[in-house]
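Asker: Mind having a look at this structure? Questions to follow.
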Amino acid sequence: MFRLEVRTSTPAWFNLVLPLLAIAATLILCSGLIALAGANVFESYGVMFTASLGDSYAITETLVRAAPMIFTGLAVAVAFRAKFWNIGAEGQLLAGAVASCFVGAIPMPGPLAMLLMAVAGAAAGAAVALVPATLRVRFKVDDVVSSLLLNSVIYYALMALIEGPWKDSFSGYPISPPIEDSANFPVLIEGTRLHLGVVAALIAAPLIWFLIVRTTLGFRIRVTGENPEAARYGGIHVERVLISTALLSGALAGLAGVGEVGGVHFQVMSDISPGYGYSGIVVAMLARLNPLGVVPAAIFLAAVMTGAEAMSRATGVPAFLSDVIQGTALLAMLVALLFTAYRIRRVGAIR
Amino acid sequence: MPAPLIEMRGITKSFGAVKANEAVDLSVAPGEILGLLGENGAGKTTLMNVLFGAYAPDAGEILIQGRSVRIASSADALAAGIGMVHQHFHLAPRLTVLENLLIGMSGKSGRIDRAGGLARLAEIGRQHGLTLDPNLPVSALSVGEQQRLEIVKALFRGAKLLILDEPTAVLAPSEVDGLFSALRSMAAQGLGIIFISHKLNEVRALTHRCTVLRHGRVAGRVDDPANTTSAAMAQLMCGHEIVPPARGPSTPGGAVLILDGISTSKHSGTALRDISLAVHAGEILGIAGVSGNGQRALAEVISGVRTPDAGRMTIAGQTVSRFSPREVQALGLGRIPEDRMTTGLVTNLPLADSMVLPRIGTSTFSARGLLKPDAIRAFAEEQIKAYDIRCPGPMTRAGALSGGNLQKALLARELAFDPKVLIVSQPTRGLDIGAARFIHEKFLDMRAKGCGIIVIGEDLEELLVLCDRIAVMYEGRIAGTLDSADATIARLGLLMTGAEAHG
Ligand SMILES: Nc1ncnc2c1ncn2[C@@H]1O[C@H](COP(=O)(O)OP(=O)(O)OP(=O)(O)O)[C@@H](O)[C@H]1O
Ligand SMILES: [Mg+2]
């Protein structure tokens, strides 16, 4: 017989071991599906690995995919720290993409264009996140529901835009006009797609970590998230903290969209994000809401995504496996988180 | 002595390096009320959790009516006839009283016997005076009623032994009498009861026998509590004598806190009606009253979280204009709340964070938006040392501290900045007499330094020991203010019922 006992403290090495355990459990659980699809489990995972992390080109491709998830992962981690349940990173990303595409299409010097794209994208994402935050602070509307539903609103607004005014009149495809060439983010390694936005994402993570751990705003975010009443009595303006958190979170998610427009697609289309906003939730949870952990977590999910496509080509296992792995990883992590609050004890040793 | 109903033998339980219980023996006979005493952290709750199956002991055995049993879960405990009323209740707030009683009571058929439940509830109510409206949702019950429901729940499941962990800490003095008569009536029917309390006069009035724990071990037993002095019991608990602090004469200075005609709307709880009072430097003013007569609203207004509809408040000569916690703190108000875990500390974060929370924006702990982690840590370490807060260090989760240590942490945090006014609610609730004594001493020190202190409390004896003047609240008004030299429990009690206010 086993049972759960409440822990009084969590050892630090848990932060490392738990996500690894969750990932291991995920791969084991998903191997059943691969076997069901008639492929060899080891071969399939092998293909996934080499295609995503096997050589330097593969690694750059994985990093390019990881970049938007680093941003959305940071967005979610910051929000969840304050217990602002932002499930809307997807919509905020799309808003950021549209805004930066709009700015990027205006002719101007390249560096200025890139800067303005980032500003516009961040502002658009922040504006979208402001909606659920305001609804919650003012009218106690559940932020999970409002931020989630807003994703659909933004998505269909984007569709209306690219099916309507932005539609490519020449080809008739529902895609926006491209941004100016000068606004394309510079590629850092010749022959790859590794663009400036990836570096920005890698720099953003330690910056956000610093903000959470070392600034008064970060302190207020943490305290508000853990105990809003104590925060209020302690002189913290809880509503203001929630709004600030939402703005920051939305801006980060918006930057994910900026990177996709400026560094990868150079325009906006309906599938500009294969759910990077939702993946950000998985990333943040795997990282245990630690901004530094967001980077490896995002790289893991990116590797699964790129790897799954290659595996699908090589072994015939449907690429949807990537989504299953993501979902399973989230569940496994949620289960693993139980062990931070509880320990398992064997009972029956009494004699 | 009749054969014991329950016997615990040689129970040992450690949490890491902490030996919470060590070779503890304890027994309860049918019809007996056993007091379980000990300082904060002596291991009372742990021992009872072992008995109730929440923790597996590292060593030792439990016997029920002479037979060794293994209690691996609370379900086992309930099946063995052991019921427990925890310090924090375990009720479903949206369900009704009856539904809460019937949770987990469906028979093998899976059917729920509402009619039978109603009949049992009525019967228990008649027998022990534990009446409850079966159709009220739990969220509508007072704390005392919720506790009653927990007791009835245990009886419903056929408890032969009832454990009550500090049941009176949450009750108003008037509710305590009702609880005691119910407990006596249950004992008269052969139930065994284990009663935990830090209030020795209650223990002397109620229990037949006591077991005293100290540092996890049995320090001694008291066979005749009614005829044992509180001082002797305290000595057993602490290992040394506890002398009540002496309140010397005070020389109050000018008023440091003035409330002038403060009224609030009945937004939640009792509204305040035209409250005017003044606290002077070097004075301790008590606010007595049956709980629910506006004390909470008063504390909220003074703490700056509630803006009154009318009236003026002045702290150290400055009029409070916007009523925010930050403003009143900046004017020199310190606050020690009654609910340490909810409005005081942040249980899931390191203790150091809670200790600097109200002053995080000041230049001591931050500059230009950046924290000063070394200063924060040093401050916490310093206070931990100065107040002898028992914990592994400033980075310990605040929630892992015992009640007495949490209270010391709050006290340290507020007193470190020499407040001009201190507002305190139920300062020693749940604390052992040694810790309570320490807290009282600190208040008297602050008073000597010229701080004006308001103590909101229900324990009249405590107020009489501590306060220079005592104001009594009744229905949101100050019913009267007595000099504590002229105040007696009887006169205060009369004011608390509103008698003089109407007469
Ligand atoms: N789950 C736990 N993990 C680690 N230590 C614990 C745990 N529960 C209790 N302790 C420690 O065991 C000791 C005994 O605690 P316990 O809660 O039993 O004391 P108590 O006598 O009930 O005190 P109080 O009067 O404050 O309620 C304390 O040192 C406490 O810090
Ligand atoms: Mg206890």
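The values are calculated or read from the model by the stated rules, or taken from the named source; none is laboratory data. These figures come from a predicted structure and were not determined experimentally. Please note: Cβ atoms are built from the backbone with ideal geometry, for glycine as well, and neighbour counts cover all protein chains shown. For accessibility, only protein heavy atoms count, side chains too; no ligands or nucleic acids. Shrake-Rupley method; radii C 1.70, N 1.55, O 1.52, S 1.80 Å.
Asker: Return only the number of the condition from (1) more than 16 Å from ligand 1 (Cβ to nearest atom); (2) open to solvent by 20 Å² or more (accessible area, probe 1.4 Å); (3) under 25 Å from B:Glu145 (Cβ atoms); (4) at pLDDT 90 or above that B:Thr45 does not satisfy.
Answerer: Single failed check for B:Thr45: (1).
Asker: Restricting attention to segment A:93-102, which residues are closer than 22 Å to A:Leu74 by Cβ and open to solvent by 10 Å² or more (accessible area, probe 1.4 Å)?
Answerer: Across segment A:93-102, the qualifying residues are A:Ala95, A:Val98, A:Ala99.
Asker: Still on this structure, I have one more. Check segment B:368-375 and report whether any residue there is at negative phi and more than 11 Å from chain A (Cβ to nearest Cβ).
Answerer: yes
Asker: With the requirement that a residue be in a strand (DSSP E or B), open to solvent by 50 Å² or more (accessible area, probe 1.4 Å) and more than 16 Å from B:Gly434 (Cβ to Cβ), what does segment B:206-222 give you?
Answerer: Answer for segment B:206-222, where residues must be in a strand (DSSP E or B), open to solvent by 50 Å² or more (accessible area, probe 1.4 Å) and more than 16 Å from B:Gly434 (Cβ to Cβ): B:Arg217, B:Arg221.
Asker: Go through segment A:171-193 and give me each residue that's open to solvent by less than 20 Å² (accessible area, probe 1.4 Å), part of a loop (DSSP other than H, G, I, E, B) and not hydroxyl-bearing (Ser, Thr, Tyr).
Answerer: A:Ile179
Asker: Looking at (1) within 25 Å of A:Ala82 (Cβ to Cβ); (2) buried (at least 20 other Cβ atoms within 10 Å of the Cβ), can you tell me which one B:Ala367 breaks?
Answerer: (2)
Asker: Of everything in segment A:203-220, what is more than 9 Å from every other protein chain (Cβ to nearest Cβ) and open to solvent by less than 70 Å² (accessible area, probe 1.4 Å)? Give them in sequence order.
Answerer: Correct list: A:Ala204, A:Ala205, A:Pro206, A:Ile208, A:Leu211, A:Ile212.
Asker: Of the conditions (1) part of a loop (DSSP other than H, G, I, E, B); (2) in contact with a Ser or Thr (Cβ under 7 Å, 6 or more places away or on another chain); (3) more than 12 Å from chain A (Cβ to nearest Cβ); (4) more than 16 Å from ligand 2 (Cβ to nearest atom), B:Asn40 satisfies every one except a single condition; which number is it?
Answerer: (4)
Asker: Quick one: how many residues across segment B:339-398 are basic (Lys, Arg) and closer than 22 Å to A:Ala12 by Cβ?
Answerer: So the answer is 2.
Asker: Given the residues B:Glu462, B:Glu458, which is the only one that is on the phi < 0 side of the Ramachandran plot and in a helix (DSSP H, G or I)?
Answerer: B:Glu462
Asker: Could you check segment B:1-21 and list, in sequence order, the residues that are within 11 Å of ligand 1 (Cβ to nearest atom) and crowded, with 18+ Cβ neighbours inside 10 Å?
Answerer: B:Lys13, B:Ala20, B:Asn21, listed by residue number.
Asker: I want to confirm something. Restricting to segment B:26-37 and keeping residues that are in a strand (DSSP E or B) and not aliphatic (A, V, I, L, M), which single residue is nearest to ligand 1 (Cβ to nearest atom)?
Answerer: Among them, the one singled out is B:Gly35.
Asker: Yes or no: A:Val223 crowded, with 22+ Cβ neighbours inside 10 Å and within 30 Å of A:Phe320 (Cα to Cα)?
Answerer: No, not satisfied.
Asker: Taking the options B:Val346, B:Val305, name whichever one is part of a loop (DSSP other than H, G, I, E, B), facing chain A (nearest Cβ under 8 Å) and surrounded by fewer than 20 Cβ atoms within 10 Å (Cβ to Cβ).
Answerer: Going through B:Val346, B:Val305 in turn, the sole match is B:Val305.
Asker: Please verify whether segment B:56-67 includes one or more residues that are open to solvent by less than 40 Å² (accessible area, probe 1.4 Å), in a loop (DSSP other than H, G, I, E, B) and more than 16 Å from ligand 2 (Cβ to nearest atom).
Answerer: Within segment B:56-67 (the criterion being open to solvent by less than 40 Å² (accessible area, probe 1.4 Å), in a loop (DSSP other than H, G, I, E, B) and more than 16 Å from ligand 2 (Cβ to nearest atom)), the answer is yes, since at least one residue qualifies.
Asker: Still on this structure, please answer the following. Pull up segment B:319-334, narrow it to residues that are touching a helix residue (DSSP H, G or I) at 6+ places or on another chain (Cβ under 9 Å) and assigned to a strand (DSSP E or B), then point me to the one that is farthest from B:Leu259 (Cα to Cα).
Answerer: B:Gly334
Asker: Condition test on B:Gly399, is it within 16 Å of ligand 1 (Cβ to nearest atom), over 27 Å from B:Leu463 (Cα atoms) and touching a residue at least 12 places away in the same chain (Cβ under 8 Å)?
Answerer: Criteria met by B:Gly399.
Asker: Just the residues that are within 16 Å of ligand 2 (Cβ to nearest atom) and on the phi > 0 side of the Ramachandran plot, please, taken from segment B:140-196.
Answerer: If the condition is that a residue be within 16 Å of ligand 2 (Cβ to nearest atom) and on the phi > 0 side of the Ramachandran plot, then B:Glu166 is the only one that fits.
Asker: If you take the residues of segment B:349-367 that are closer than 19 Å to B:Arg326 by Cβ and in a helix (DSSP H, G or I), which of them is farthest from the other protein chains (Cβ to nearest Cβ)?
Answerer: It comes out as B:Met355.
Asker: Step by step: first the residues of segment B:463-488, then only those that are under 21 Å from the mean Cα position of the chain (by Cα) and open to solvent by 20 Å² or more (accessible area, probe 1.4 Å), then the one that is nearest to B:Gly292 (Cα to Cα). Which residue is that?
Answerer: Per the criteria, the residue is B:Leu464.
Asker: Scan segment B:234-253 residue by residue and report those that are within 16 Å of ligand 1 (Cβ to nearest atom) and either more than 20 Å from the chain's Cα centre (by Cα) or within 14 Å of chain A (Cβ to nearest Cβ) (or both).
Answerer: Of everything in segment B:234-253, those that are within 16 Å of ligand 1 (Cβ to nearest atom) and either more than 20 Å from the chain's Cα centre (by Cα) or within 14 Å of chain A (Cβ to nearest Cβ) (or both) turn out to be B:Leu236, B:Gly239, B:Ile242.
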